Amino acid sequence: MLGTLWAVAMLLQHRPRRLLVHNSFLLSLVCALFRACRGPWRTRLIVDCHNKSLKRSLGGPLKGIFWTLKQWTFKRFDAVLVSNQLVLPIATSLCQRAFVLRDPLPDAASWPDASPDVPRLHQPFVVFICTFEPDEPIEEILTGAQAIVEVLDHDVVITGDARHLPVHLRHKAGERVHLSGYLPTAQYRGLLARAAAVIDLTNDSDCLVCGGYEALALCRPLVLSDTPLLRSYFTTAAVYTRHDAPSLVAAVAQAAASRARSPEYQAGLEGLERGHKLEAAGLIKLWRAPLSLSDSGNPSRSSGEAP
């Protein structure tokens, strides 16, 4: 709420002609009201929508009010940015323009370095990047982690706030499975940089996991869920796996043995960077276009290319 009030103050003070904002319900509503009051020919509003925010709805007595306000808000956007083609149908049902813009690889050189600060951690080790959100196969991760310890003799670190881990699953974390919690950026970077492999799993078919980008930025061997979307984006830069323990063990062993800096790995990295640049070109063209072209009567477009 305080952030939204600050945004209102900044809008009134600076009266920007172009806005690029991350989608949250209140912030997007405020920006849409600002654009509607000023007139669409005076303000361009582009909104970056995370999958969860795009799909979010409410139940109970507020359901109708929330949905009405959400529809009104999205119709005032000049364009919506989404991470992949699978969520385009949702975006275009709400807004006339939608662009696919995948995340760029993070600039690892700008991250502070530090040694991983995890008690009793021995080399080699692997890292599961987790947040304990509903899309993550937590029980399979814990079972697979113990199998990695027993079969590969690797320690395992599972990030994320373990307070969200159901009590009945905590017993699955053995002595060499470390629940690190959320780490400061320097320690997190140091942890990933020294991992024998980084694993990021999801049950969602339309999710591009952020941990994959972080691992590749540090040139770490990467294991991802075997979904068509992840295969199409990360291509040869990762090893893909089902979520059962034998498959996870085999994938980690394969990744740790030979994936980092191999020709296939480098080709996958280059493909990701090339795809981001192509998709960003359409956004840049819209951003720089004269404001007179920002017209709610324009025909619908839904691609990674400029309108």
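The values are calculated or read from the model by the stated rules, or taken from the named source; none is laboratory data. What you see is a predicted model, and the numbers here were worked out from it, not measured in a lab. Please note: Cβ atoms are built from the backbone with ideal geometry, for glycine as well, and neighbour counts cover all protein chains shown.
Residue-wise test of (1) in the same structural domain as LEU229 (by TED's automatic domain parsing); (2) within 25 Å of the chain's Cα centre (by Cα); (3) crowded, with 18+ Cβ neighbours inside 10 Å.
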position: ALA36; (1), (2), (3): no, no, no
position: PHE74; (1), (2), (3): no, yes, yes
position: SER83; (1), (2), (3): no, yes, yes
position: PRO124; (1), (2), (3): yes, no, no
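Name every residue in region 159-188 that is crowded, with 19+ Cβ neighbours inside 10 Å and either closer than 15 Å to LEU222 by Cα or aromatic (Phe, Trp, Tyr) (or both), in order of residue number.
Of everything in region 159-188, just one residue is crowded, with 19+ Cβ neighbours inside 10 Å and either closer than 15 Å to LEU222 by Cα or aromatic (Phe, Trp, Tyr) (or both), namely TYR188.
Could you tell me whether LEU248 is closer than 25 Å to PRO137 by Cα and in contact (Cβ under 8 Å) with a residue 60 or more places away in the chain?
Values: closer than 25 Å to PRO137 by Cα: yes; in contact (Cβ under 8 Å) with a residue 60 or more places away in the chain: yes.
The answer is yes for LEU248.
Of everything in region 230-247, what is at pLDDT 95 or above and in contact with a Ser or Thr (Cβ under 9 Å, 6 or more places away or on another chain)? Give them in sequence order.
Hits for region 230-247 are LEU230, TYR240, THR241, ARG242, HIS243, ASP244, ALA245, SER247.
In the list LEU216, LEU269, which residue meets the criterion of being within 25 Å of GLN85 (Cβ to Cβ) and either crowded, with 21+ Cβ neighbours inside 10 Å or without any contact (Cβ under 8 Å) to a residue 40 or more places away in the chain (or both)? I'd like the intermediate steps shown before the answer.
Numbers: LEU269 fails: either crowded, with 21+ Cβ neighbours inside 10 Å or without any contact (Cβ under 8 Å) to a residue 40 or more places away in the chain (or both).
Testing whether each residue is within 25 Å of GLN85 (Cβ to Cβ) and either crowded, with 21+ Cβ neighbours inside 10 Å or without any contact (Cβ under 8 Å) to a residue 40 or more places away in the chain (or both) leaves just LEU216.
Every residue in region 146-195 that is assigned to a helix (DSSP H, G or I) and among the hydroxyl-bearing types (Ser, Thr, Tyr), please. Walk me through it before giving the result.
Applying the first criterion (assigned to a helix (DSSP H, G or I)) to region 146-195 yields 146-152, 162-164, 167-170, 185-193.
Correct list: THR185, TYR188.
Being part of a loop (DSSP other than H, G, I, E, B) and under 21 Å from PHE74 (Cβ atoms) is the filter here, so list the residues in region 10-30 that pass it. Before the answer, list the steps.
Initial filter on region 10-30 (part of a loop (DSSP other than H, G, I, E, B)): 15-17, 23-24.
Passing the criteria: PRO16, ARG17, ASN23, SER24.
Restrict the check to region 12-28 and report whether at least one residue is among the basic types (Lys, Arg), over 25 Å from the mean Cα position of the chain (by Cα) and closer than 22 Å to LEU283 by Cα. Working first, answer last.
Filtering region 12-28 for residues among the basic types (Lys, Arg) gives 15, 17-18.
Remaining after also requiring over 25 Å from the mean Cα position of the chain (by Cα): 15, 17.
Next, only the ones that are closer than 22 Å to LEU283 by Cα stay: 15, 17.
Among the residues of region 12-28, at least one is among the basic types (Lys, Arg), over 25 Å from the mean Cα position of the chain (by Cα) and closer than 22 Å to LEU283 by Cα, which makes the answer yes.
Give me a count of the residues in region 1-29 that are aliphatic (A, V, I, L, M) and touching a strand residue (DSSP E or B) at 6+ places or on another chain (Cβ under 9 Å). Before the answer, list the steps.
As a first pass, look at region 1-29 and keep what is aliphatic (A, V, I, L, M): 1-2, 5, 7-12, 19-21, 26-27, 29.
From what is left, the residues that are touching a strand residue (DSSP E or B) at 6+ places or on another chain (Cβ under 9 Å) are 7, 11, 19-21, 27.
Final tally of qualifying residues: 6.
What number goes with the only condition from (1) outside any helix (DSSP H, G or I); (2) at pLDDT below 95; (3) surrounded by fewer than 22 Cβ atoms within 10 Å (Cβ to Cβ); (4) within 17 Å of the chain's Cα centre (by Cα) that ALA260 does not pass?
(4)
Given (1) within 30 Å of ILE90 (Cα to Cα); (2) in a loop (DSSP other than H, G, I, E, B), identify the lone condition not met by GLY211.
Here GLY211 clears every test but (2).
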